[in-house]
Amino acid sequence: MSDAPITTTVDLIRHGEPAGGIKFRGHTDDPLSEQGWAQMRAAGQGGGQWQAVVSSPLRRCAEFAAELAASAGIPLETEERLKEINFGEWEGLTHREVGQSAPDSLDRFWRDPIRCTPPGGEDMDAFSARVMAGWNDLLARHAGKKILVVAHGGVNRVILC
């Protein structure tokens, strides 16, 4: 019996540009724009040799992940806990719109996003715990494999931290 460590390789990729421009888009389920599709297809080339793809369920991740997994003939999993942070009342609003309606809240958020959660939004501790639970489970399911995770900027930052 060998005590050699098991090596699991994970490539993280953030979704491309979503349709609808720059806005607070956590759980808002916008699809990729044409440019976003081009970005994702370019990023997915040459990485290969993945044994599985794990994706956030949101369209800006899941639609590309499904296309890539189907073309590569590898399993696709959707992991609910890899959704982006929920911005609450700010969901779907531009930074300008929030700045006009709640400039003090927006300023506090930019200065300290960990302690200054958008109204009705997910706090950073809950978000981090959710993402890490999903991350740990997917590592256990895919021990010893090479996988691709298609997720969001906030999710990837939590994982990297």
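The values are calculated or read from the model by the stated rules, or taken from the named source; none is laboratory data. Here the structure is a predicted model, which is why all the values come from computation and not from measurement. With ideal geometry, Cβ positions are generated from the backbone for all residues, glycine too; neighbour counts draw on all protein chains shown. Quick note on the areas: whole protein, heavy atoms, side chains included, nothing else; ligands and nucleic acids left out. Shrake-Rupley method; radii C 1.70, N 1.55, O 1.52, S 1.80 Å.
Using the 1.4 Å probe convention, the accessible area of the chain works out to 54 Å² per residue with neighbouring protein chains retained. In the stretch 2-161, the alpha-carbon atoms span a convex hull of 114 Å³ per residue.
Across every pair of non-identical alpha carbons in the stretch 66-161, the mean reciprocal distance, once inverted, gives a Kirkwood radius of 15.3 Å. Principal axis extents of the C-alpha atoms in the stretch 14-55 (largest first, rounded to whole Å): 34, 20, 11. When +1 charges are put on Lys and Arg Cβ atoms and -1 charges on Asp and Glu Cβ atoms, the dipole computed for the stretch 1-79 relative to its Cα centre reaches about 240 debye. Spatially, the stretch 1-47 and the stretch 58-125 are offset by 14 Å when compared through their Cα centroids. Only Cα sites of the stretch 21-111 enter the Debye sum here, all with the same form factor; the resulting log10 I(q)/I(0) across q = 0.21, 0.22 1/Å is -1.01, -1.06, listed in q order.
For the stretch 106-138, applying the loop criterion from DSSP together with a ceiling of 15 other beta carbons within 10 Å to the trypsin sites (Lys or Arg not before Pro) yields Arg115. Assuming charge only on the beta carbon of Lys and Arg (+1) and of Asp and Glu (-1), the dipole of the chain about its Cα centre is about 340 debye to the nearest 20. Each principal axis of the Cα cloud of the stretch 62-116 was taken in turn, and the coordinate range along them, longest first, works out to 50, 21, 16 Å.
By accessible area, using a 1.4 Å probe on protein heavy atoms only, the chain has 52% of its surface on carbon and sulfur.
Seen from every direction in turn and averaged, the convex hull around the alpha carbons of the stretch 116-161 projects onto 3.8 nm². Ordering His95, Pro118, Val10 by the projection of their Cα atoms onto the charge dipole of the chain, which places +1 on the Cβ of Lys and Arg and -1 on the Cβ of Asp and Glu, puts Val10 at the extreme positive end.
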